[in-house]
1. Condition first: touching a Leu at 6+ places or on another chain (Cβ under 7 Å) and among the basic types (Lys, Arg). Can you find one or more residues in the stretch 180-196 that meet it?
2. If LYS236 satisfies all but one of (1) touching a Leu at 6+ places or on another chain (Cβ under 8 Å); (2) assigned to a loop (DSSP other than H, G, I, E, B), what's the number of the condition it fails?
3. From the list GLY76, GLY58, GLY27, exactly one residue is in contact (Cβ under 8 Å) with a residue 24 or more places away in the chain and over 12 Å from the mean Cα position of the chain (by Cα). Which is it?
4. Listed residues GLY161, GLY192, GLY167; which is in a helix (DSSP H, G or I), more than 16 Å from the chain's Cα centre (by Cα) and modelled with pLDDT of 90 or more?
5. How many residues, within the stretch 195-219, are in a loop (DSSP other than H, G, I, E, B) and under 16 Å from ASP175 (Cβ atoms)?
6. Assess whether ARG137 counts as being assigned by TED's automatic domain parsing to the domain that holds ILE101, buried (at least 19 other Cβ atoms within 10 Å of the Cβ) and under 25 Å from the mean Cα position of the chain (by Cα).
7. Looking only at the stretch 68-111, count how many residues are part of a strand (DSSP E or B) and surrounded by fewer than 20 Cβ atoms within 10 Å (Cβ to Cβ).
8. Report whether or not ALA29 is of a type in the set (A, V, I, L, M, F, W, C), under 21 Å from VAL229 (Cβ atoms) and modelled with pLDDT of 90 or more.
Amino acid sequence: MAAATAESRTSRGAPSSDAGIVIETRGLAKVYRDFWGREKVRALKGLDLQVRQGEIFGLLGPNGSGKTTTIKLLLGLLFPTSGQAFVMGKAATDVTKNERIGYLPEESYLYKFLNAEETLDFYGRLFKLPKKVRKERIEKLLDLVRISGARKRQLREYSKGMTRRIGLAQALINDPDLIILDEPTTGLDPIGCREMKDLIIDLKARGKTVLMCSHLLADVQDVCDRIAVLHQGELKELGRVDSLLKVRDVTEIRATGMSEACKQEVLAVIERHQGNVQRIDHPTTTLEELFLEIVQDAEARPGRRAQES
């Protein structure tokens with residue numbers, strides 16, 4: 001019995017043996033306390049989550065729902081009150097794993113007196129990249145984020161959208177396996193938003209894993225494979241975007257080659273009238289509608305917990 005108990009403790013304290021899991025949290029919780037040690041805010045409550053290699057995972061929630069706390073816990077910038085978090089097979093508190101992570105915070109903290117080339121060279125040096133490698137990556141990244149023409153301008157002259165682009169380039173300078181993006185389209189115009197989303201999809205095509213937070217639900221709907229919705233520190237919904245957005249109690253039939261009489265009849269009659277049934281499926285709602293429904297339900301039923309769809 002003692003041996004079994006020891007083995008159970010070891011398994012609880014180790015990351016999953018599944019190599020395809022990049023991020024894993026088990027009962028992850030964070031309580032912020034005041035000066036006297038009294039509980040002030042319970043920011044995260046027993047978060048159980050897995051993010052798999054090569055997927056784009058969206059973390060959603062209203063302000064104060066625990067998204068930023070979760071990211072800081074994963075990066076090792078905060079210590080959990082209870083529970084565990086693992087990133088790429090290492091404990092989140094192990095800072096060595098950050099060498100394989102690229103992070104774009106909601107507000108980029110960059111040196112305004114440097115230009116784009118100098119900024120990327122500076123961060124490349126922090127990762128101890130050889131000079132030749134730094135030069136090659138700087139060229140590729142400046143082209144990738146479309147600011148090659150402004151490479152010699154100091155960052156203090158950049159617009160917010162341009163600052164966002166150089167911030168993303170900085171997050172990619174170490175060619176990371178995991179990219180964490182906090183509000184990646186903030187400050188971008190519609191064309192810039194589309195380019196940013198295309199870039200995120202391209203990162204997935206290169207085998208990268210992306211964890212992104214965004215208040216722009218249409219952006220999440222466009223690029224994410226799976227999402228988790230947090231509300232007041234609790235996980236309220238988890239699953240694939242296409243599955244969550246299906247309206248389960250409605251069936252939609254789309255067909256071509258139908259006469260007016262045929263439109264009024266059921267599937268068997270459609271086939272009899274030589275209609276071509278292209279699709280029989282459940283129609284989908286929008287991520288915005290789903291998000292608002294989850295938040296309203298969470299406020300009405302605060303104890304409900306999420307199960308993956």
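The values are calculated or read from the model by the stated rules, or taken from the named source; none is laboratory data. Quick caveat: nothing in here was measured; it's all calculated off a predicted structure. Backbone-built Cβ (ideal geometry, glycine too); neighbour counts: all protein chains shown.
1. In the first step, residues of the stretch 180-196 are kept if they are touching a Leu at 6+ places or on another chain (Cβ under 7 Å); the result is 180-182, 184-185, 196.
Still in the running and among the basic types (Lys, Arg): none.
No, the conditions are met nowhere in the stretch 180-196.
2. (2)
3. On the way: GLY76 fails: in contact (Cβ under 8 Å) with a residue 24 or more places away in the chain; GLY58 fails: over 12 Å from the mean Cα position of the chain (by Cα).
It is GLY27.
4. Among GLY161, GLY192, GLY167, only GLY167 is in a helix (DSSP H, G or I), more than 16 Å from the chain's Cα centre (by Cα) and modelled with pLDDT of 90 or more.
5. 3
6. Against the criterion (assigned by TED's automatic domain parsing to the domain that holds ILE101, buried (at least 19 other Cβ atoms within 10 Å of the Cβ) and under 25 Å from the mean Cα position of the chain (by Cα)), ARG137 qualifies.
7. Summing the residues that are part of a strand (DSSP E or B) and surrounded by fewer than 20 Cβ atoms within 10 Å (Cβ to Cβ) in the stretch 68-111 gives 6.
8. Yes: the conditions hold for ALA29.
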